[in-house]
Amino acid sequence: MSNSGTPALSAAFLLHRRDYSNSSLLLECFTEQLGRFPAVAKGVTGRGKSASGLLQPFVPLQIEWRGRGEVKSLVSYEPDGRMFRLEGTALFCGFYINELLMRLLQRNDPHEKLFRNYRELLKQLDASGINEASLRYFELDMLVELGYGIELTVNMEDGCPVEADRWYRFVQESGVIECPPETEHAISGQTLLSLASRSLEASWQLKEARNLLRTVLGFYLGDKPLKSRELFRHAHRS
């Protein structure tokens, strides 16, 4: 792969698309080889143009692009397997994950493992709908890939192992420390250990894990709310 004018080829997904110019699309691509970058697909919309149907989120693609600047030019694209069909809550989860990647991934910073994890999560959302545990594991792995990983099995206050029957609170950019169970946002040691070992099951554990990761992600996302989360809330109020 090269950033020169020579075409480059990679497995890819589209995180976002919008109309651009008369018959073109501005795409936000997430590729295995180059990570996230914007690209223009020229002449793909308008009367008699059906090919742009492939240029949608959740469609596995092989794309070819060229360009030295920040915005690449899409040269060619073709399906790389069948489209993942996300419906209902699973679709909102897909939008949510795409928005996380748009907000947290630096451009032109490849994360091949994260790309593979993303594809696997879409497979699960397509096959069985929402799997909240899988969503939490993806968030956790994404934080690790981006250099924001959190230690779930050690009490950072004294270096002792987290114990299942004790309670902890999360301190940003530090880790978990023991606290009284009545502490606001306290999380059980059992949940921390289950999250670390990828063995979340009980609904109360899933809720605690969701609240923990929302807190961690919120620190890096900043004050701007997630549009996908607002869309989900609006849809469920309707």
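The values are calculated or read from the model by the stated rules, or taken from the named source; none is laboratory data. Nothing here was measured: the structure is a model prediction, and the numbers come from that model. Here Cβ is always computed from backbone atoms with ideal geometry, including for glycine, and neighbour counts include all displayed protein chains.
Key figures for this structure:
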item	result
Any hit, the stretch 92-105, residues being part of a helix (DSSP H, G or I), surrounded by 13 or more Cβ atoms within 10 Å (Cβ to Cβ), over 11 Å from the mean Cα position of the chain (by Cα) and on the phi < 0 side of the Ramachandran plot	yes
Options Val75, Val176, Val171: the member that is on the phi < 0 side of the Ramachandran plot and in the same structural domain as Lys42 (by TED's automatic domain parsing)	Val75
Complete set of residues in the stretch 83-101 that are of a type in the set (A, V, I, L, M, F, W, C) and over 17 Å from Val59 (Cβ atoms)	Phe92, Leu100
Residue in the stretch 185-198 that is part of a strand (DSSP E or B), touching a residue at least 60 places away in the same chain (Cβ under 8 Å) and touching an Asp or Glu at 6+ places or on another chain (Cβ under 9 Å) present	no
Which listed residue, of Arg85, Arg136, is touching a residue at least 24 places away in the same chain (Cβ under 8 Å) and part of a helix (DSSP H, G or I)	Arg136
Number of positions in the stretch 17-42 that are more than 21 Å from the chain's Cα centre (by Cα), of a type in the set (Gly, Ala, Ser) and at pLDDT 90 or above	2
Residue among Gly222, Gly189 that alone is modelled with pLDDT of 90 or more, of a type outside the set (D, E, K, R) and more than 20 Å from Thr153 (Cα to Cα)	Gly222
When residues of the stretch 1-16 are limited to those that are at pLDDT below 95 and outside any loop (DSSP other than H, G, I, E, B), the one surrounded by the most Cβ atoms within 10 Å (Cβ to Cβ)	Ser10
Any hit, the stretch 201-213, residues being touching a strand residue (DSSP E or B) at 6+ places or on another chain (Cβ under 7 Å) and closer than 26 Å to Phe115 by Cβ	yes
Residue within the stretch 173-189 that is surrounded by 18 or more Cβ atoms within 10 Å (Cβ to Cβ), among the β-branched types (Val, Ile, Thr) and farther than 25 Å from Asn98 by Cβ present	yes
Of residues in the stretch 112-137 being at pLDDT 95 or above and farther than 27 Å from Thr191 by Cβ, the one surrounded by the most Cβ atoms within 10 Å (Cβ to Cβ)	Phe115
Considering residues of the stretch 43-63 that are at pLDDT 95 or above and not in a loop (DSSP other than H, G, I, E, B) only, the residue surrounded by the fewest Cβ atoms within 10 Å (Cβ to Cβ)	Gln62
